[in-house]
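The values are calculated or read from the model by the stated rules, or taken from the named source; none is laboratory data. Just so you know, these numbers come straight off a predicted model, no measurement behind them. When we count neighbours, we look across all protein chains shown, and the Cβ atoms used for this are built from the backbone with ideal geometry, even at glycine.
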Amino acid sequence: MPGMIGVGMVGLGMAVAPHALALRDLESAGRARLLGGFSPSAERRAGFAARWNAPVFDTLDALLAAPGLDLVLVLTPPAAHLPVAEAAAAAGKHLLVEKPLEFDLARAEALVAMADRAGVTIGVVFQHRFRPAALRLKAALDRGLLGTPLSASATIRWWRDAAYFAQPGRGMKARDGGGVLLTQAIHTIDLLLHLMGPVAEAAAFARTSPLRAIDTEDIVAAALRFAGGAIGTLDATTVARPGFPERIEIAGTRGSAMLVAERLELHAEGAPPEIIDHGSAGGGGADPMAFDHGPHRALHAEMLDAIAAGRAPSNSGFSALAVQRLIEALLRGAGQGRFVTL
């Protein structure tokens with residue numbers, strides 16, 4: 001269909017489903033079309049083709065040469081993001097990269113700089129920003145409905161079972177780059193920063209539990225001071241069986257808000273309580289994909305709008321660097337036993 005943006009996927013693992021469902025909706029709306037996918041795994045290529053009735057390519061170069069390809073979704077493990085993105089950008093393709101941007105901050109910064117030099121649009125998959133309740137809370141804060149924020153905290157008490165960590169390399173620095181902060185809690189931490197602005201100073205404790213044989217942290221507690229003056233805490237873990245909805249709480253001079261997964265309670269001074277409830281299940285339990293694909297659809301729509309308008313999306317690569325800087329600072333501070341200034 002004329003005007004539709006052609007999309008290809010690189011990496012055909014667990015992250016594919018919500019993206020494929022989102023693109024199916026957008027194809028029905030005449031906005032985007034899934035042209036196919038590539039994985040070095042023949043088994044994954046076969047599974048992708050069977051489930052999504054979409055073409056597969058034996059090499060990355062073959063996918064990048066597909067007629068009509070405009071946008072590449074980079075869904076590989078983090079350490080492979082940069083080389084895939086470099087190849088796609090060299091071919092003139094726009095980029096939508098799964099979180100985190102890369103294995104570490106230096107590589108994440110290199111990826112964003114590379115996309116800028118190549119003149120391609122880059123977005124990051126932080127779909128929690130696009131949940132309806134999160135959008136409403138962001139709008140309320142921007143309008144000053146809660147006054148000046150005084151306290152803001154995030155709690156991510158999730159569970160990941162043995163089957164999750166059975167995949168080779170899962171939870172290891174060599175594959176994932178980090179543990180609960182970079183791999184699981186990053187969505188909620190990013191949303192906290194999206195709502196509150198940057199953190200100026202932080203201190204943290206981090207450890208690895210005896211529950212699984214990994215070399216990354218799965219329990220973190222931190223104290224935060226935001227650049228705007230508010231203070232708060234971060235509590236993140238994947239050892240809280242059976243897993244609970246992630247939570248953000250904000251208190252200001254004129255009201256408070258509690259965001260539990262996709263359920264928002266907004267208590268603004270002089271106004272009746274406002275509740276938006278799209279569910280509070282999230283992906284905190286043993287099945288990390290137990291969530292609706294609606295926010296992914298909204299994220300993709302924003303990316304398509306940005307490409308059409310020649311602008312950066314609201315979930316740009318640059319905007320995604322803040323959460324990665326904070327995560328590295330938290331782990332550095334935990335390792336050194338001191339406060340870290342960002």
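Couple of notes before you dig in:
- The listed residue being in contact with a helix residue (DSSP H, G or I) (Cβ under 9 Å, 6 or more places away or on another chain) and not charged (D, E, K, R), out of Ala240, Ala222, Ala251, Ala200: Ala222
- Just one of the listed residues (Arg129, Arg136, Arg107, Arg160) is free of Cβ contacts under 8 Å to residues at least 60 places away in the same chain and either in the same structural domain as Ile219 (by TED's automatic domain parsing) or of a type outside the set (A, V, I, L, M, F, W, C) (or both), namely Arg107.
- Consider the range 1-14 and keep the residues that are surrounded by fewer than 20 Cβ atoms within 10 Å (Cβ to Cβ) and hydrophobic (A, V, I, L, M, F, W, C). The one that is farthest from Pro168 (Cα to Cα) is Met1.
- Selection over the range 79-124 of residues that are assigned to a strand (DSSP E or B), of a type outside the set (A, V, I, L, M, F, W, C) and within 24 Å of Leu181 (Cβ to Cβ) gives a count of 2.
- Whichever residue in the range 90-135 is among the basic types (Lys, Arg) and crowded, with 16+ Cβ neighbours inside 10 Å and, among such residues, is farthest from Ser319 (Cα to Cα): Lys93
- Residues in the range 136-148 that are out of contact with any helix residue (DSSP H, G or I) (no Cβ under 9 Å at 6 or more places or on another chain) and surrounded by fewer than 20 Cβ atoms within 10 Å (Cβ to Cβ): Arg136, Ala139, Asp142, Arg143, Gly144, Gly147, Thr148.
- Residues (among the aliphatic types (A, V, I, L, M), over 26 Å from Ala271 (Cα atoms) and buried (at least 16 other Cβ atoms within 10 Å of the Cβ)) located in the range 173-192: Val180, Leu181, Leu182, Ala185, Ile186, Ile189
- Just one of the listed residues (Ala154, Ala140, Ala134) is part of a strand (DSSP E or B), modelled with pLDDT of 95 or more and either small (Gly, Ala, Ser) or more than 17 Å from the chain's Cα centre (by Cα) (or both), namely Ala154.
- Leu63 meets the conditions (1) under 22 Å from Ala90 (Cα atoms); (2) assigned to a loop (DSSP other than H, G, I, E, B) in every case but one. The failed one is (2).
- Taken together, Thr155, Thr76 contain a single residue that is buried (at least 17 other Cβ atoms within 10 Å of the Cβ), among the β-branched types (Val, Ile, Thr) and assigned by TED's automatic domain parsing to the domain that holds His194, which is Thr155.
- If you go through the range 224-241 and pick out every residue that is over 22 Å from the mean Cα position of the chain (by Cα) and surrounded by fewer than 18 Cβ atoms within 10 Å (Cβ to Cβ), you end up with 6.
- If you go through the range 15-51 and keep only what is surrounded by fewer than 16 Cβ atoms within 10 Å (Cβ to Cβ) and part of a loop (DSSP other than H, G, I, E, B), you end up with Ala29, Gly30, Pro40, Ser41.
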